[in-house]
Amino acid sequence: MKITHIGHASILIEAGGITVLSDPWWKGPCFGAQWWLYPRPHLSAIAGIRPDYIYISHGHHDHFHPGTLKTFDRRTKILVSARAGLTRPLQDLGFEVVEVTDSEPILLGNTKVECRIVPTHGDDTLMTLNDGAEVCVNINDALHSAPDDVQERFIALLKNLHPRIDYLFCGYGVASHFPNCYIIPGKDREQTALKRQQYFNRKWVRLVRDLDPAFGFPFAADVVFLEEDLFWANRITHNGERPTTLFRSCHPDSAVEVIDIAPGFSIEEGTVTASVLRVPLEDSSIRQGYAGEIERANRYGGTGALQIAEVESMLRRNLAASLVYLGDYSGDYQFFIRFRNVNGGIVIKKSGRKIEVRFIESEESGAYDIVYTTRLSYLKWAMTQPYGDEILFVGSGGIFEFKDKRDAVDNLQREFLYLLRHSKPGGEARRKHQIRLVRSAKDVVKKVLGRYERDLYDLGAWTVFTK
């Protein structure tokens with residue numbers, strides 16, 4: 001078996017006379033103009049090659065990237081989980097789709113190469129490939145952000161399926177804008193970003209330790225933010241702490257060889273054949289090497305009055321669909337949506353159980369509990385497409401600025417974000433007090449059992465404050 005790292009979550013596996021490529025993404029950015037591939041992909045490894053199969057792990061655009069898939073020969077077959085919900089969109093792109101039933105092995109082509117695709121957590125999957133001599137496990141994003149009990153379940157499953165794992169590829173990245181897109185009084189933004197990255201690094205270390213492969217590789221976190229609002233976060237998330245360094249410090253006696261790979265790295269039959277490793281990210285190198293992409297990422301264009309009126313109407317419809325839930329919130333608030341390159345914006349104001357949405361031509365300084373700066377196109381996508389809000393949550397679709405630290409600690413932004421989503425729970429009441437009591441009781445039990453998991457989107461818990 002030979003494996004070459006192409007970039008981000010994409011690896012090329014050559015085994016038993018066939019080729020399997022995973023999660024190709026390199027034809028432009030993803031999540032609008034938010035995520036950009038870094039380092040550059042090693043495309044020479046697939047030049048002139050028509051992969052026999054492409055494995056798509058899940059629907060996030062850095063894994064299922066239509067723009068990149070369109071560059072492939074349609075004779076290549078696509079491997080997906082039967083439960084992934086990706087068959088129709090892939091067929092619409094012109095591909096033959098091979099649906100793999102939960103954990104059931106299939107033989108690829110006329111070979112003895114055995115493939116399993118296992119649904120895991122949050123609509124994600126992992127893939128195992130066994131050519132009879134070696135086993136590769138591609139976890140991608142499937143487990144490093146999952147709760148401990150979910151990790152334990154799939155660690156046990158994988159060890160049962162494959163007592164010996166040769167190559168383990170596992171994600172470790174901060175797969176969202178949270179909490180770096182939040183400006184809060186007294187926040188230490190760099191320490192906050194580092195705290196978040198360190199958490200996922202430790203999850204990676206735990207998975208590698210327990211699965212005990214011959215080789216462990218961190219990947220699927222190779223992105224940079226090129227909008228000026230978030231450019232600062234690149235250096236912290238890439239350089240602050242590497243998961244391989246942490247693994248060696250935590251488990252110095254482990255026989256696992258962990259390697260901090262970069263695009264172009266390859267390994268064959270247990271021997272590294274191209275030792276291409278990660279190097280520290282430098283802001284100056286990104287600004288020089290990605291000058292065209294930076295210009296594109298910060299190009300906003302104009303927004304007309306009709307477009308704003310359309311989004312305002314969408315917000316009103318969303319409000320009508322979620323008014324029962326939002327009205328249950330005990331406090332009052334005033335939010336402002338500021339569109340880039342537009343004078344004025346949209347005010348959302350709650351007084352008692354009454355909530356109003358209106359456009360104003362000029363922003364009132366200091367009048368709002370949260371000011372959200374975004375592109376109008378992102379907001380429209382979030383409110384019209386199933387799972388469209390991922391452009392705000394998984395990507396980095398805007399900047400939230402709080403007037404008061406206490407509102408951030410209390411996660412006031414959740415009221416705002418609930419309104420921006422496409423899917424609503426059907427006008428349900430919040431039953432806030434009851435929900436809080438149930439959640440508190442469950443948290444106490446989990447703490448006693450040693451299974452308490454942090455809320456990954458609790459802004460107060462993840463923010464480091466200097467004062």
Find out how many positive minus negative residues lie around Asp212, taking Lys and Arg as positive, Asp and Glu as negative, among other residues whose Cβ is under 10 Å from that of Asp212.
+2
Highest mean packing first, using Cβ neighbours within 10 angstrom, the peptides 77-83, 351-357, 411-417 sort as 77-83, 411-417, 351-357
Using a cut-off of 13 Å between beta-carbons, work out the net charge of the residues near Pro280 (Lys and Arg +1, Asp and Glu -1, Pro280 not included).
-1
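Taking every DSSP beta bridge that has both residues in segment 100-252, what percent is antiparallel when rounded to the nearest 5?
Bridges in segment 100-252 are about 55 percent antiparallel.
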Flagged as over-length at 18 Å C-alpha distance, from Lys203/Lys405; Lys187/Lys467; Lys354/Lys403; Lys187/Lys405, the pairs are Lys203/Lys405; Lys354/Lys403
Of all DSSP beta bridges in segment 49-162, what percent run antiparallel (nearest 5)?
60 percent
Output the peptides 229-241, 321-333 sorted from most to least packed, where packing is the average of other Cβ atoms within 10 Å over each peptide's residues.
229-241, 321-333
So what is Rg over Rh here for segment 139-262, counting just Cα atoms and using Kirkwood for Rh?
1.01
Can you give me the % of accessible surface on segment 206-280 that is carbon or sulfur? Probe 1.4 Å, all protein chains present, nothing else counted.
49 percent
Ranking request for peptides 242-250, 119-127: highest mean number of other beta-carbon atoms within 10 Å first, then the rest in descending order.
119-127, 242-250
accessible surface per residue for segment 1-156, probe 1.4 Å, DNA/RNA/ligands not counted, whole Å² -> 37 Å²
Roughly what % antiparallel, to the nearest 5, for the DSSP beta bridges in the chain?
65 percent
Under a Cβ-Cβ cut-off of 10 Å, what is the net charge of the residues other than Pro179 that fall near it, where Lys and Arg count +1 and Asp and Glu count -1?
+3
Say each of Asp212 and Asn239 gets a label point 7 Å from the Cα, pointing the same way as Cα to Cβ; how far apart are those two points in nm?
3.8 nm
C-alpha center-to-center spacing [segment 138-200, segment 1-55] in angstrom
21 Å
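The values are calculated or read from the model by the stated rules, or taken from the named source; none is laboratory data. Everything numeric here is computed off the predicted structure, so don't read it as measured data. All Cβ positions, even for glycine, are placed from backbone atoms using ideal geometry, and neighbour counts span all protein chains on display. Protein only, heavy atoms only, side chains kept; ligands, DNA and RNA dropped before computing areas. Shrake-Rupley method; radii C 1.70, N 1.55, O 1.52, S 1.80 Å.
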